Structures are given as structure tokens and as C-alpha cells.
1. Looking at the range 130-144, can you tell me whether even one residue there is outside any strand (DSSP E or B), among the small types (Gly, Ala, Ser) and over 25 Å from Met20 (Cα atoms)?
2. If you go through the range 28-71 one residue at a time, how many are surrounded by 13 or more Cβ atoms within 10 Å (Cβ to Cβ), outside any helix (DSSP H, G or I) and among the charged types (D, E, K, R)?
3. Take Met25 and decide whether it is over 16 Å from the mean Cα position of the chain (by Cα), open to solvent by less than 10 Å² (accessible area, probe 1.4 Å) and not aromatic (Phe, Trp, Tyr).
4. For the range 157-208, which positions are outside any helix (DSSP H, G or I), among the basic types (Lys, Arg) and touching a residue at least 24 places away in the same chain (Cβ under 8 Å)?
5. Please find, within the range 1-22, the residue that is surrounded by the fewest Cβ atoms within 10 Å (Cβ to Cβ) out of those that are among the charged types (D, E, K, R) and either assigned to a strand (DSSP E or B) or touching a residue at least 60 places away in the same chain (Cβ under 8 Å) (or both).
6. What pairs come up if the first residue lies in the range 95-124 and is closer than 26 Å to Pro158 by Cβ and within 13 Å of the ligand (Cβ to nearest atom), the second is basic (Lys, Arg) and open to solvent by 20 Å² or more (accessible area, probe 1.4 Å), and their beta carbons are under 6 Å apart, counting only those six or more places apart or on different chains?
7. Give the range 72-83 a look and list any residue that's open to solvent by less than 40 Å² (accessible area, probe 1.4 Å) and either under 16 Å from Ile4 (Cβ atoms) or of a type in the set (Lys, Arg) (or both), or say none.
8. When the residues of the range 85-94 are narrowed to those that are away from the ligand (no atom under 13 Å from the Cβ) and aliphatic (A, V, I, L, M), which ends up most open to solvent (accessible area, probe 1.4 Å)?
Amino acid sequence: MFFITFEGIDQSGKSTQLEMLAGAMEKAGISVLRVREPGGTPLGESIRELLLGPEHAGMDPWTEALLYAAARAQLVKDVIRPALMQGKIVLADRFIDSSLVYQGMARDLGVERILDLNRGATGGLMPDLTFVFHLAVDVSRERLANRGRVEDRIEGEPMEFHRKVEEGYRRLEKMYPARVAGIDAGRGVDEIHADVARECRERLGLEI
Ligand code: TMP
């Protein structure tokens, strides 16, 4: 039925909010499917390991963009489209906007070129609603440091890269105002969830 995506820099709380929204929807009797990118299919999970393993530190930006698009193509075909056809609401932890921002903007490959690549990979599927969780880069870094597990290849990029990503998400919100809802992620989880649920009611007419 509806395809809703969750976007933002690392540690912005998007995955927590996805879970909270999924819970609220299920409580309201709505059938929900959760997916994450890259991954969500056996092939996609293998591609995720290639993409995020710190051993591939010298990965070319186009190799990176193509691998994200490859994982996405499989996920759309095998999981997302079938679920939408069955009338489910699909909630995705990252989708095409991550590629527009990380590869198109922060890696400087160009938004239009990444959009073209991904249109091919997804058959033109775009989200009905996208939440972008905005968080100060310093706070994101601090949360990452406190988490105490090894950084993946993208998390390990320099501060400058992460600043470009957060700026990119602000640009994205301006590019697609009808689809993208910006959310201040520097607040308590319940307050954020209330905003997320309200946007779903107002923009999609969902009764949650
Ligand atoms: P996550 O599961 O922690 O969100 O990790 C995925 C990482 O991959 C994250 O740092 C963002 C990055 N990414 C891209 O650079 N481009 C993409 O298209 C996607 C889906 C993720």
C-alpha cells in the first residue's frame, strides 16, 4: 500500500523510530513489513558485507554506488514490490535517498546520475513518504564513540564526510518537500514518535 522510508546520519535514531512506528501500526491492525538497506535479501546481505567491511577501504565511489544499487534492485524485486502488492505498508531503514546523499552529494558523483542509476535498479519505485532525522554531526560522532563497537567503513570516514551527509539531507528535504518530512532528532524518542505518527496521519491519512 504505502512505502515509507527512514533516513539520516548514523545514530540519528531512525531505526528506533521505524520500530516504534511499526509497533503503532500493528496495534492499529495495519499489516507492516520492515526492511533495511543495504541488505534484506540473502544476496543483499552479502553485498552489505562487501560494502561495510573496513577491509575495502580503497573502494571506488562508483563501485560503492553500483553495489548499493545492486542490493536495492534485488530487495525491490524480491521483497518490497510483492509486499506492496499484498497491501502491506513497507517501512525501510534507508532507501534511494541514502544513495542520493552519500554517493551523489557527499562522494560528489552527482545527484542526477545516481538518480538515473537507481531508477533503472528499482523500476522507478519511489517512497510515498520519507522521514529525514536531523542530528548534529558532533552528537552523532559522540553516540558512535560511546557505542563501543568497531566502526564500519562508512562510519569510519572523516568528520568532513559526515558533515557533507548531514548538509545533503537538508538539501534533499528542500528538493522534495511533498515527499520528505524533516524531523528534529535531538529530542526524546516519544516526542519524535509523536511527530512521525502525526505526519503519517496528515500526509497519508493513516489512522494510527
Ligand atoms: P546502517 O545500516 O548503519 O544504516 O549502515 C548503512 C551504511 O551505508 C550507512 O553508513 C549509510 C551507507 N549507505 C550509503 O552510503 N548509501 C546507500 O545507498 C545506503 C542504503 C547506505
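The values are calculated or read from the model by the stated rules, or taken from the named source; none is laboratory data. Computed from a predicted model, the values in this text were never measured in an experiment. Backbone-built Cβ (ideal geometry, glycine too); neighbour counts: all protein chains shown. Ligands, DNA and RNA are excluded from the accessible area calculation, which covers all protein heavy atoms including side chains. Shrake-Rupley method; radii C 1.70, N 1.55, O 1.52, S 1.80 Å.
1. No, there is no match, as no residue in the range 130-144 is outside any strand (DSSP E or B), among the small types (Gly, Ala, Ser) and over 25 Å from Met20 (Cα atoms).
2. 3
3. yes
4. Arg179
5. Filtering the range 1-22 for residues that are among the charged types (D, E, K, R) and either assigned to a strand (DSSP E or B) or touching a residue at least 60 places away in the same chain (Cβ under 8 Å) (or both), the one surrounded by the fewest Cβ atoms within 10 Å (Cβ to Cβ) comes out as Asp10.
6. Filtered contacts from the range 95-124: Ala106/Lys164.
7. If the condition is that a residue be open to solvent by less than 40 Å² (accessible area, probe 1.4 Å) and either under 16 Å from Ile4 (Cβ atoms) or of a type in the set (Lys, Arg) (or both), then Arg72, Leu75, Val76, Val79, Ile80, Ala83 are the ones that fit.
8. Among those residues, the one meeting the criterion is Met85.
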